[in-house]
1. Using a 7 Å offset from the Cα along the Cα-to-Cβ direction at both A:LYS198 and A:LYS221, what is the distance between the two label points in nm, to one decimal?
2. Enumerate the lysines that A:LYS110 could reach by cross-link, defined here as Cα to Cα under 19 Å, with residues fewer than 8 away along the same chain left out.
3. Please turn the phi angles of the stretch A:63-72 into ³J(HN,Hα) values with the Karplus equation 6.51 cos²θ - 1.76 cosθ + 1.60 (θ = phi - 60°), one per residue in order, whole Hz, x for glycine and proline.
4. State the percent of C-alpha pairs, over all pairs in the stretch A:1-89, separated by a distance greater than 19 angstrom.
5. DSSP beta bridges in chain A, what fraction antiparallel, as a percent rounded to 5?
6. Please work out the Cα convex hull volume for the stretch A:101-160 and give it in Å³ per residue.
7. Once the Cα atoms of chain A are picked out, what are the Rg and Dmax in Å?
8. Can you tell me the FRET efficiency between A:ARG360 and A:ARG72 if r is taken as the Cβ-Cβ distance and R0 is 45 Å, rounded to the nearest 0.05?
Amino acid sequence: MSTLKAVRGTRDLLPPETALWNHIEATARRVFARYNFGEIRTPIFEDTQLFARGVGEETDIVSKEMYTWEDRARAQSEKAQSLTLRPENTAGVVRAYIEHKLGETGMLQKLYYIGPQFRRERPQKGRYRQFYQIGAEVIGPHSAGSESPLRDAEVLEMLATLLDELGITGWTLALNSVGSASDRPRYIAALREALKDKVAQMCGDCQRRAETNPLRVLDCKVPEDQPIIDTLPQIADFLDDASRAHFTAVCEALAACGVKYEINPRLVRGLDYYTRTTFEFTHDGLGAQNALLGGGRYDGLSEMLGGPKAPGIGFAMGEDRLVLTLAALSAREAELADYFIAPLGESLNAPALELARALRQAGLRIEVGDGSFRLKKSFETGNKLARKIILLGEDEQQSGILTVKDFASGEQSKIARAELVKPSKE
RNA sequence: GCGGCUAUAGUUCAGAGGCAGAACGCCGGUCUGUGGCACCGGAUGUCGUGGGUUCGACCCCCACUAGCCGCCCCA
């Protein structure tokens with residue numbers, strides 16, 4: 001009989017790696033809190049229509065990468081509903097914004113989320129079918145300033161701060177504007193027009209893209225196509241005055257904060273809902289999956305989902321990729337316990353557990369051995385698990401004076417139990 | 001979804017059509033209240049799964065599964 005395994009593209013996260021995940025999440029929460037974001041948790045599956053309308057029917061995500069199933073109709077009167085494991089979280093957040101009428105507060109909503117997302121893609125390093133994203137959205141009515149370029153710059157500055165505090169060095173920020181909801185169709189039309197008589201000379205992928213999603217032609221990496229792409233119209237020339245002013249203001253605010261960026265006129269994002277500002281933070285050493293995070297502005301998404309006008313900007317970072325990057329930058333060791341308690345004889349097991357309880361209540365990290373171990377084994381085991389060992393024999397139990405040895409220095413000393421049990425200062 | 005590479009011990013990996021290997025790790029001993037070092041000894045396993053060729057397959061062939069790399073796309 002074959003043994004059961006985690007299904008393709010999913011995996012178990014185990015210690016000590018989970019410590020790194022917790023570190024990343026704690027750092028993100030701490031940074032987000034300083035910018036006054038609150039946490040939102042949306043369901044892990046939603047009505048399929050949410051993603052079809054929000055993310056875009058023609059995107060790869062929706063057309064071929066979703067985990068979708070028909071929920072069972074429980075009664076004659078009930079229709080089977082098509083449900084989907086969320087492939088991203090922005091649509092869910094905006095759905096919640098609409099559902100709970102958060103716009104009625106008149107306030108800007110600043111929400112972050114941390115959780116699993118699901119896409120049925122071919123797994124690779126840094127790409128999984130269940131993957132984890134940390135993201136945030138700033139969304140609200142126009143009157144709350146949700147369309148201000150200040151919001152874009154603030155989000156980007158926050159991300160630069162977060163990556164810095166995580167200790168990720170060597171990232172680059174690529175920035176672009178894809179224009180307003182009316183700019184983009186005009187540009188796409190011009191692009192199609194320009195491609196008409198050139199596409200025949202381009203690669204097969206581009207010929208397909210020119211039909212399905214002409215913006216993606218700009219992303220083509222085939223060297224022979226580059227000269228042709230250079231002759232294509234640029235989105236920057238199709239921005240209306242308001243969009244151009246918006247983009248300029250974002251760049252100026254970033255410069256004022258000292259956040260380094262590169263304008264990349266070819267940076268278009270795959271999801272239909274993006275307008276104006278789009279951006280991507282990348283890092284070398286992730287192979288083909290070099291994007292750490294991506295995001296942008298989505299001024300029309302709420303309305304696409306049947307809600308009120310609610311401009312917004314947000315991003316999603318790939319937590320799996322942050323972990324990979326951090327692991328490569330610094331190999332983290334398993335954390336050692338403060339003390340390994342070695343009871344000398346089985347009669348001292350219960351007192352050892354009681355001592356462990358007292359030390360743990362004092363805030364210390366404790367491993368307890370077993371009185372049936374030979375002392376040599378206690379030392380060997382203790383040396384792997386803890387920084388110091390406490391010997392608990394009859395003498396120590398009677399006197400309350402513990403024998404403590406430091407594994408690193410080899411120094412051994414007698415310390416009163418009462419001294420060790422004192423709450424550690426935090 | 002497409003193309004390429006890979007799958008042998010807990011781990012990293014050698015290996016040859018005829019008894020399954022190394023290093024590290026693990027277990028025991030030298031050493032019954034003192035670890036790391038040293039020495040001695042021990043166990044590692046459905047050789048990814050299922051078929052086929054062969055007297056004989058871990059090796060050759062086919063399929064499947066999974067991982068990695070690239071494409072597509074994206075975080």
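We did not get these values from a lab; they are worked out from the coordinates using the rules stated. This one's a predicted model, so the numbers in the text were calculated from it and none came from an experiment. All Cβ positions, glycine included, derive from the backbone under ideal geometry; neighbour counts span all protein chains shown.
1. Here the modelled spin labels are 2.1 nm apart.
2. Once the sequence-local lysines are set aside, what remains near A:LYS110 is A:LYS101, A:LYS309.
3. Result, rounded to whole Hz: 6, 8, 10, 8, 8, 10, 8, 8, 6, 6.
4. Every Cα pair in the stretch A:1-89 considered, those over 19 Å come to 65 percent.
5. Close to 80 percent.
6. Considering the Cα atoms of the stretch A:101-160, their hull volume per residue is 117 Å³.
7. Values for chain A (Cα only, Rg and Dmax): 28.0, 94 Å.
8. It comes out at approximately 0.40.
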